[in-house]
Amino acid sequence: MSGWQEYTLGDIVDIKHGYAFGGEFFSETPTTDILVTPGNFKIGGGFKSSKLKYYNGVIPNDYILSCGDIIVTMTDLSKQADTLGYSAKVPNDPEKTFLHNQRIGLLKFKDKSFDKDFIYWLLRAEHYQKFVAGSATGATVKHSSPSRIRAFKFKAPTSNVLRKKIAKTLSNYDDLIENNLKRIKLLEESARLTYEEWFVRFRIDGKKLEIDAESGLPFGWEKRKLVSLCVNFTDGTHDSPNQVDGIDSYYLITGKHLASNQIDFSTAYKISESDFLKISKRSGLRRNDILFSNIGTLGHVAMVGKFIEFSCKNVFIFRPLKDVNCYLFEFLKYEQNKNNFIAQSSGSTQKFISLQFMRSFETALAPVTILHEFNKVVSGMYAQIDNLQDQNQLLKEARDILLPRLMTGMIDTDDMDIAV
C-alpha cells in the first residue's frame, strides 16, 4: 500500500467525557432535550433515533452537542459488546437539543488537516471495534475509555484527498439510505392519515359517513373482537433457546427487534435449526403476519414482508384474514390504540399484555367491504415501502462490504472518480 502510513488515533483526536446528568430530571414525557446514551448507537455504528431518553433539568453549556459531532459509546450492556466503541454522528434536528451524557465520548480533533469523516468511518470498521471490545473491562457491562480508544493504531493514506474520497464513497451510501428512509416516512404518514380519515373521523372519499345516534358509530359498524379479523392469533415461543453463531442459524425476533415499524434482523438473535424447528410450530411466520410486542417493550409493531425463516418471542402474532392486513397493521400502529393497550397492561417490574386480554379485546369495526377497500387504497403505499426497504438492505450490504476493504487499502483509491 504505497502512499499509506501508520497512525495512532490519539495523535489525531482527543475524546471528551460526558456529563453525569441527574437521574431525578429524566423524563418519561417527551421533551426537546435528548440524553444521548449507548442505546442510540446501532450495531456497526451510526445514530439510532428509535429509543430516546428525555431530560427536563438544568443543562451545562459545555455538554450540548452540535449537529455533525462525532461521538463514540464507551459502555455496552450486551454480552458480545457489539456496539462498544462504534461511532455515530449527532443528527441534524433543529427541534431537539442533544446532550453529551456520561459514557459517551466526543471526538475533539487535534490534527485539523485529517479528514473528520475518514475517522468517523474508521470508527465504524470491524477491526477497530474488535480492538476496543478486546480491551474492554467488566463482566456483564463492558466499558472502554478514552485512553484505550486513542491507543488504536491504523493505516491510512497520507493524502487527505484520498482520505476524503474514501469517506465520501461510504457517505454516499448512507445519504441514499437516509433519502429512502425519508420517503418511507412520507408513505407511512400518508397511510396513517388515510386510516385516521376513514376510521377516526369517519370520512371516506371526502364524504362524512352517516352516524347512528344510538351507537355513535356509522351505520353498519359494530363492536367486535379485534381477533375476529384473524385466521389465527397466538403469541411467540415461551422457550429460551440458546443463541448461536453461523450462516446456517435461524433468527429469533423479540419485541426489541421491532423498530420503526419493521423487523431489524441486524440485531436479532440467532438460534440453531433444531431449536427453530422445535418452536416454529407455534411461532413460525408467514408473509403479512403482524407482530406486536407484548412484554417489556410494549406496542412495537411490524408486518412480515420478504420471507426470511424466523421465529419470535415476547410478541403477539396476528395472522389476518385476506385483504385486511393493512387495516389491522394501521390499527395496531395508531398511537391512541397503542396507548390504550399499554394503559391496560399488567405487571410491576416488567409490563405485559396478556394473550387472554387481547383475545377478548373489542373495538368498533367497519364492515369487511370497507376494510377491503382500505387495503386497496394503501397497499400500493406498502409495496413502495417494501421496495425502498429492500433497496436499503442492499445498500447497507454493499456499504458494509466496501467499508473494511477501503479502510485497509484492499481497494485502490487513487483512480476513484469521487468529487470531494
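Against the condition among the hydrophobic types (A, V, I, L, M, F, W, C) and either within 28 Å of GLY299 (Cβ to Cβ) or loosely packed, with under 15 Cβ neighbours inside 10 Å (or both), how does PHE114 come out, does it pass? Spelling it out, it is not the case that PHE114 is among the hydrophobic types (A, V, I, L, M, F, W, C) and either within 28 Å of GLY299 (Cβ to Cβ) or loosely packed, with under 15 Cβ neighbours inside 10 Å (or both).
To keep it simple, each residue is scored yes or no on (1) within 21 Å of SER379 (Cα to Cα); (2) not hydrophobic (A, V, I, L, M, F, W, C).
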{"position": "ILE177", "(1), (2)": "no, no"}
{"position": "LYS182", "(1), (2)": "yes, yes"}
{"position": "GLU196", "(1), (2)": "yes, yes"}
{"position": "GLU210", "(1), (2)": "no, yes"}
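ALA302 meets the conditions (1) outside any helix (DSSP H, G or I); (2) in contact with a helix residue (DSSP H, G or I) (Cβ under 6 Å, 6 or more places away or on another chain) in every case but one. The failed one is (2).
Which residue pairs have Cβ atoms closer than 9 Å, lie 6 or more positions apart in sequence or on different chains, and pair a first residue in the stretch 139-164 that is touching a residue at least 24 places away in the same chain (Cβ under 8 Å) and among the β-branched types (Val, Ile, Thr) with a second residue that is part of a helix (DSSP H, G or I) and surrounded by fewer than 18 Cβ atoms within 10 Å (Cβ to Cβ)? Hits for this filter: ILE149/GLY10. When only residues in the stretch 137-151 that are modelled with pLDDT of 90 or more and part of a loop (DSSP other than H, G, I, E, B) count, which is farthest from THR37 (Cα to Cα)? Checked the stretch 137-151; the qualifying residue farthest from THR37 (Cα to Cα) is ALA151.
Kindly indicate whether any position in the stretch 90-107 is at pLDDT 95 or above, out of contact with any Ser or Thr (no Cβ under 9 Å at 6 or more places or on another chain) and open to solvent by 40 Å² or more (accessible area, probe 1.4 Å). No, the stretch 90-107 has no match at all. Taken over the stretch 276-287, the criterion of being at pLDDT below 80 and of a type in the set (D, E, K, R) is satisfied by LYS278, LYS281, ARG282. So which residues in the stretch 36-54 are part of a strand (DSSP E or B) and either surrounded by fewer than 17 Cβ atoms within 10 Å (Cβ to Cβ) or not basic (Lys, Arg) (or both), if there are any at all? PHE41, PHE47, TYR54, listed by residue number. Kindly indicate whether ILE15 is in contact with a helix residue (DSSP H, G or I) (Cβ under 8 Å, 6 or more places away or on another chain), on the phi < 0 side of the Ramachandran plot, part of a strand (DSSP E or B) and of a type outside the set (Asp, Glu). Criteria met by ILE15.
Do we find that ASN172 is of a type in the set (S, T, N, Q) and over 20 Å from SER87 (Cβ atoms) in this structure? So ASN172 does not fit the description; no.
Given the criteria of a type in the set (A, V, I, L, M) and surrounded by fewer than 21 Cβ atoms within 10 Å (Cβ to Cβ), does LEU77 qualify? Yes: the conditions hold for LEU77. In summary, helices (runs of 4 or more DSSP H) completely within the stretch 321-397 and bearing 1 or more residues that are small (Gly, Ala, Ser), in contact (Cβ under 8 Å) with a residue 40 or more places away in the chain and exposed (fewer than 15 other Cβ atoms within 10 Å of the Cβ) occur at 355-360.
Residues in the stretch 257-288 that are over 22 Å from the mean Cα position of the chain (by Cα) and farther than 25 Å from LEU321 by Cα: SER272, GLU273, SER274, ASP275, PHE276, LEU277, LYS278.
For LEU291, the requirement of being under 18 Å from ALA191 (Cβ atoms) and open to solvent by less than 30 Å² (accessible area, probe 1.4 Å) is met. For LYS165, the conditions (1) surrounded by 21 or more Cβ atoms within 10 Å (Cβ to Cβ); (2) part of a loop (DSSP other than H, G, I, E, B); (3) among the charged types (D, E, K, R) are fulfilled apart from (2). Checked against (1) at positive phi; (2) assigned to a strand (DSSP E or B), GLY68 passes all but a single condition, namely (2). Taking the criterion of being surrounded by fewer than 15 Cβ atoms within 10 Å (Cβ to Cβ) and not hydroxyl-bearing (Ser, Thr, Tyr), the residues of the stretch 262-279 that qualify are PHE265, GLU273, LEU277. Annotation: of all residues in the stretch 186-240 being part of a strand (DSSP E or B) and open to solvent by 90 Å² or more (accessible area, probe 1.4 Å), the one that is nearest to LEU388 (Cα to Cα) is VAL231.
The values are calculated or read from the model by the stated rules, or taken from the named source; none is laboratory data. Everything numeric in this text was worked out from a predicted model, so none of it was measured. Heads up, the Cβs are rebuilt from the backbone with ideal geometry, glycines too, and the neighbour counts pull from every protein chain shown. Note: areas computed on protein heavy atoms with side chains; ligands, DNA, RNA excluded. Shrake-Rupley method; radii C 1.70, N 1.55, O 1.52, S 1.80 Å.
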